[in-house]
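The structure under discussion appears below in the form of structure tokens.
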Amino acid sequence: YLGGGTFGVAAASEFYFGKSIKEVTIAEAAMLAGLFKAPGNYAPHIDLPAARARANEVLDNLVEAGFMTEGQVYAARRNPASAVDRTEVSSPDFFLDWAFDEVKRLANGKDFVLEVKTSIDTSLQKAAEDAVEASLRQSGAQYHVKQAALVSMDPDGAVRAMVGGRDYGQSQFNRATNALRQPGSSFKPYVYMTALMNGFTEDSVIVDAPICIGNWCPSNYSHSFSGRMTLTTALTRSINTVPVRLSQSFGRDKIAETAERMGVATPIKVTRSMPLGASEVTVLDQATGYATLASGGYKAHPHGVLEIRNSEGKVIYSYKKDGPKTEQVLPAPKVAELNRMLNSVVNNGTGRRAQLEGIPASGKTGTTNAYRDAWFIGFTGNYVTAVWFGNDDYASTARLTGGNLPAKTWQQYMSYAHTGIELKPIPGVGGIPEYTIPGPLASTQPAGNEPARPQTLTDHSKEVLLDIHRRLLAAPPIGPDAARRPERVSSVTSEGSATQPRRQVRFSAGRWE
């Protein structure tokens, strides 16, 4: 991988210099050779001075090894390579690194020329990057937080956007897939799902009161207790004593089993504090687990590769054909109950900042001890998105909670993600408006830098628009020079579908397109 979504020197030459590998100069060849060590650090479209310095080292090595003389590389030193302008191109490098590992696993053969169709949605990827960067730029210093990660996927696990950190050029470590962090209260849905499968309901009453297991006595965020309450209220208010009390009634091992069943790949450590999110997971784990709720109980399998073709154009892998089969792992009625409980979190509880205008959402906040991690994971019927904020060195933030920057970032990204698409209901929640205006017609220029949002139609407005539409179709031409009558359309509902990417992304002959 040579950065910029390119694999191999031929693709890299086209991307960075806009020319065939056969046409590159010595300076350009040296710059390409320098990419192998760390493409994120030396890619010329990210850091041109660093790329030139690295290319100069390559030239030194060529002279030292006797492949070229100092006179032969003199011109290359005096006239270092420059990359073509890629300021308008945003390469989802974190996603590509992750997807490339998937390709190596799926197509482990001798054919090194592959064309790969991925699940990435470039418009959603940019929106995710913009949302994360805006939050860190505007509030990072205030909350003493330097990093964030985001994963957004369809309910079946197809990853549409991935942000593994603030700046790939500075750090290629993917915090979305490789960083193990405590999830805090965002782990509680696994506890409540276990409770629902063991005789409890969303309306079951339980007591919020002091509880101790040995010398460990967890307290609530408010440091107070509220007595009797339903499970829905306990989750909405993110009460800590209730999941601990629940875990004692059916056992903590069952909670770990539920998390694994729902798609959490990282092994869960069964401890006293596990019900409160003490066992570390990844952002991808959390997105996958919640996706199983968004799908109605069908296990989500996170994937970025949809299809692989070899050099002859033959399909050697297809996710639809060769991927994991659909498997119902949770009972649909219990999923519906938990989804309603999580919907209450967004509407009435700690996740209120994640509310989407006119679109039902379910989700959960998470904040860990000493404010080291802040999470919000939520979903609609269309997308599941997990957001994490924290510091690489585990330093505490300035009292950053999951209901703040993570929920705000989630809301900004998901508002854009649902622009101009057909809305789907959350299993058990419903409440989807019947009609939406397609994105281009949804609003005029949005205020500031806020993304445009579709405005939902009332039944009266819908009938008025349809009546106008019928009248226009039935109206006779004004004259011989009149414009042609508009073609009939089936409805005013957006034709976009969240289950299909706005634009398929390909690696063509190993190159990102």
Okay, strands (runs of 3 or more DSSP E) sitting entirely in segment 117-226 with 1 or more residues that are in contact (Cβ under 8 Å) with a residue 60 or more places away in the chain, I get 147-153, 159-163
Could you check ARG54 against (1) free of Cβ contacts under 8 Å to residues at least 24 places away in the same chain; (2) surrounded by fewer than 16 Cβ atoms within 10 Å (Cβ to Cβ) and say which number it fails?
-> (2)
Is it the case that some residue within segment 100-116 is within 22 Å of THR380 (Cα to Cα) and either small (Gly, Ala, Ser) or at pLDDT below 95 (or both)?
-> no
Please work out if GLN286 is surrounded by 15 or more Cβ atoms within 10 Å (Cβ to Cβ) and either basic (Lys, Arg) or in contact with a Phe, Trp or Tyr (Cβ under 9 Å, 6 or more places away or on another chain) (or both).
-> yes
Of all residues making up segment 356-399, the number that are touching a Leu at 6+ places or on another chain (Cβ under 6 Å) and surrounded by fewer than 16 Cβ atoms within 10 Å (Cβ to Cβ) | 0
Selection from segment 243-256 of residues surrounded by fewer than 16 Cβ atoms within 10 Å (Cβ to Cβ) and within 15 Å of MET197 (Cβ to Cβ) yields SER249, GLY251, ASP253
Any idea which of GLY420, GLY428, GLY448 is on the phi > 0 side of the Ramachandran plot and at pLDDT below 55?
-> GLY448
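The values are calculated or read from the model by the stated rules, or taken from the named source; none is laboratory data. Given the structure is predicted, the values throughout are model-derived calculations rather than measurements. When we count neighbours, we look across all protein chains shown, and the Cβ atoms used for this are built from the backbone with ideal geometry, even at glycine.
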